[in-house]
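Presented below is the structure to which this report refers.
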Amino acid sequence: MKFDAMLASWLLANVVYLSAWYCGFSVNPCAQDADQNQLPEIVHHIVVSHPGVSLDDTVSCRLVERKNDQSSFREFYLNVASVSCGDTQCKVDTVMLFWDELGRYDRLELPKGIDLEKAEGQSFTKKDYAKLDATLSDANSPLRDVFKNEIVGTVGGEGIDALSGATVSLDKSSYVAGAVWTCYTLWHWVHGAARDSIRNITGDGLTVASLLVYLNSEDPVYRRFALEQLTRRKDDSQQTVDAVLFANEKYPDLAKMSMVYWRQASDVVYSKGLLNQIKSCESDVRLICLHEILNSKRELPESFYESLITSCSNSTYEEVHVLLSMLKQRKRLSPWITAQLLLLLDSDDFLIARAVYWFLATQHLNEDQTARLQAFYKTKKDKL
């Protein structure tokens, strides 16, 4: 136990050095196609962070791009340190991680004669490699929520390459038994800052016209990529705004990502975008838009809220609830908005009518408006 604790401390203290030394170190991969090896390579010098290396420091790496313009083949790879630990030793190997042009994990390759190891120095089996590949392919793996200090020494066969049950709960099916640190380290390389760099490199090489084509792709991965890159460029030209609105109406899966796009735009574009989405999209998207406005700190004119009320004429109770919270928070209650809310007292959904009644009951109304509210109370008081 004392030795395990000392070894765990050494690992955490030296993983920064090990990863920095191996990141970009050349190896002779064993599973590459000969034609791919002969493709021209472009080296991109990137700076990345890795939670298994350090929560504060960064690592400089050589991200290599390979492409064949004739066949449209394109991939990226990175040489990184893989730390695999057993009860009595810590073994560091260099592995090659490959991504496609959108930063999607493709494969892992090892130098000739090298095998990854698990606890007690046992080599990975074919089943273990298949499990590792599946783990690295899973962008939503539970490993994303684990911190390196939760991978600690325990009593038993998995040694320091195990999880402390006292500090974290992780389904054992989400990693290779006896090699959780290896899985953790490689997973965060695959789904971390290097992937983001790849996406940005690819995006920088595309025109706006190409990104707009991707935005209407049947493949959700490509349309999310396009919206991400248009947002990164802060492109709020009329052509792009119209394309984003059209794509949102056609593909509701873009709704949440679109909030980031509207957020970086001017007040005029922000208002137009959200109002158009509220008018043209289904209730779940309208709710996303309303919550965005509620949580925004933008000072939008009264005319915006009047247009918003008009757009929400056929709203659900959940939408009206958010809308009333917004009006209360922003203190935006013009006579015209009040008149529109009074119309909702006749809603077929009594939950909406009741919510509007209690909201207006706290506001300063004119004589006619007060009379209308009192008439509603007299007929519905038993339900209020």
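For the stretch 191-296, the fraction of 1.4 Å probe accessible surface lying on carbon and sulfur atoms is 54 percent.
Using label points projected 7 Å from each Cα along Cα→Cβ, tell me how many nm separate residue 133 and residue 73, to one decimal. Each label point is offset 7 Å from its Cα along the Cβ direction, giving 1.8 nm. Averaged per residue, the stretch 277-384 has 57 square angstrom of accessible surface, using a 1.4 angstrom probe with ligands and nucleic acids left out. Distance between the 7 Å Cα→Cβ label points at residue 263 and residue 331: 2.7 nm. Largest first, the extents of the alpha carbon coordinates of the stretch 228-384 on the three principal axes equal 56, 26, 20 Å. Among the listed pairs 328/381; 297/381; 328/378; 67/250, those with a Cα-Cα distance over 29 Å are 297/381; 67/250. Taking every protein chain into account, the 1.4 Å probe leaves residue 138 with about 70 Å² of accessible area, to the nearest ten. Estimated at 0.36 nm per residue, the fully extended path between residue 378 and residue 234 surpasses their Cα-Cα distance by 46.5 nm.
The values are calculated or read from the model by the stated rules, or taken from the named source; none is laboratory data. Computed from a predicted structure; not experimentally measured. Cβ coordinates were reconstructed from backbone atoms using ideal geometry, including for glycine residues, and neighbour counts include every protein chain displayed. Heads up: the accessible areas ignore ligands, DNA and RNA and are worked out on the full protein's heavy atoms, side chains in. Shrake-Rupley method; radii C 1.70, N 1.55, O 1.52, S 1.80 Å.
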